[in-house]
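This report refers to the structure that appears directly beneath it.
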Amino acid sequence: RKTLSTMGAELSCEFATFEADEVLADYLRACGRDKIEPVHPDRDADYFDVRHIDLSKLEPLVALPDSVLKNSRSVNEVAGTRVDQAFIGSCANGTLDDLTLAATVLAGRKVSSKTRLIITPGSQHVYLAALRSGVIATLVEAGAVITNPTCGACGGGHMGVLGPDEVCITASTRNFKGRMGDPSAKIYMASPATVAASAIKGAIAHPGEFLN
């Protein structure tokens, strides 16, 4: 839901929302926000379209460089593409769940010597929780570099700026040309699990290889 809300901009949406439920309420309470006033649609609200999607049947996708809209392929279609840098974190995929998933893929394995894996927790709260749970230790033992919480490589400002003709697979929000550094660099976008699997292989890889 968080990803869909964020990426609505790619479809020219001014904003995208989801109706509040107990999952959201539990999350907010865990963050210390227990006073919320949910807004619900009118019972007779009229919708332009209603679509039902079986999430269990979806395959992991990768957005190809320079655009998200109508530019995604299944992981298997681009598997084997060289990866110089793998990035997980910032506001998009820097949650404890994201880092835990990456650690599950990386546990007992090593990042390829041809690839650098950069992890940027989304907040100090997430960083601390990942430290206490042992997730950070698992990531570091696999060869990841952990940065302080920030936008980091996502905005191309620091801590992961791409050089000429480099290839990056990222779990951040955008893959526009020049977004993360040199305009000749290629940026693929995928889930934290796919990014972690690709860091191990040194090339884009399906996370199913490393998950039961």
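Numbers below:
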{"quantity": "Counted residues, the range 9-35 - those being open to solvent by less than 70 Å² (accessible area, probe 1.4 Å), under 24 Å from residue 96 (Cβ atoms) and without any contact (Cβ under 8 Å) to a residue 40 or more places away in the chain", "calculated": "7"}
{"quantity": "Only one of 185, 142, 137, 130 that is farther than 21 Å from residue 4 by Cβ, open to solvent by 20 Å² or more (accessible area, probe 1.4 Å) and modelled with pLDDT of 95 or more", "calculated": "137"}
{"quantity": "Residue list for the range 1-44, restricted to those being part of a loop (DSSP other than H, G, I, E, B) and touching a Phe, Trp or Tyr at 6+ places or on another chain (Cβ under 8 Å)", "calculated": "1"}
{"quantity": "Extreme residue, surrounded by the fewest Cβ atoms within 10 Å (Cβ to Cβ), among residues of the range 188-211 that are part of a loop (DSSP other than H, G, I, E, B) and of a type in the set (A, V, I, L, M)", "calculated": "211"}
{"quantity": "Filtered residue count, the range 90-140, keeping only those that are touching a strand residue (DSSP E or B) at 6+ places or on another chain (Cβ under 6 Å), closer than 14 Å to residue 199 by Cα and in a helix (DSSP H, G or I)", "calculated": "2"}
{"quantity": "Qualifying positions in the range 164-176 - open to solvent by 20 Å² or more (accessible area, probe 1.4 Å) and at pLDDT 95 or above", "calculated": "164, 165, 166"}
{"quantity": "Selection status of residue 153, assigned to a helix (DSSP H, G or I) and touching a residue at least 12 places away in the same chain (Cβ under 8 Å)", "calculated": "yes"}
{"quantity": "Condition met for residue 171 (among the small types (Gly, Ala, Ser), within 26 Å of residue 10 (Cα to Cα), touching a helix residue (DSSP H, G or I) at 6+ places or on another chain (Cβ under 8 Å) and in contact (Cβ under 8 Å) with a residue 24 or more places away in the chain)", "calculated": "yes"}
{"quantity": "Residue within the range 97-112 that is open to solvent by 40 Å² or more (accessible area, probe 1.4 Å), touching a residue at least 12 places away in the same chain (Cβ under 8 Å), within 14 Å of the chain's Cα centre (by Cα) and closer than 20 Å to residue 30 by Cα present", "calculated": "yes"}
{"quantity": "Output for the range 45-56, where each listed residue is outside any helix (DSSP H, G or I), within 28 Å of residue 174 (Cβ to Cβ) and either open to solvent by 100 Å² or more (accessible area, probe 1.4 Å) or of a type in the set (Lys, Arg) (or both)", "calculated": "48, 51, 53"}
{"quantity": "Selected residue (criterion: surrounded by the fewest Cβ atoms within 10 Å (Cβ to Cβ)) from residues of the range 57-92 that are over 22 Å from residue 153 (Cβ atoms) and at pLDDT 95 or above", "calculated": "80"}
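The values are calculated or read from the model by the stated rules, or taken from the named source; none is laboratory data. What you see is a predicted model, and the numbers here were worked out from it, not measured in a lab. Cβ sites come from the backbone with ideal geometry, for glycine too, and all protein chains shown count toward neighbours. Heavy atoms of the whole protein, side chains included, go into the accessibility calculation; ligands, DNA and RNA do not. Shrake-Rupley method; radii C 1.70, N 1.55, O 1.52, S 1.80 Å.
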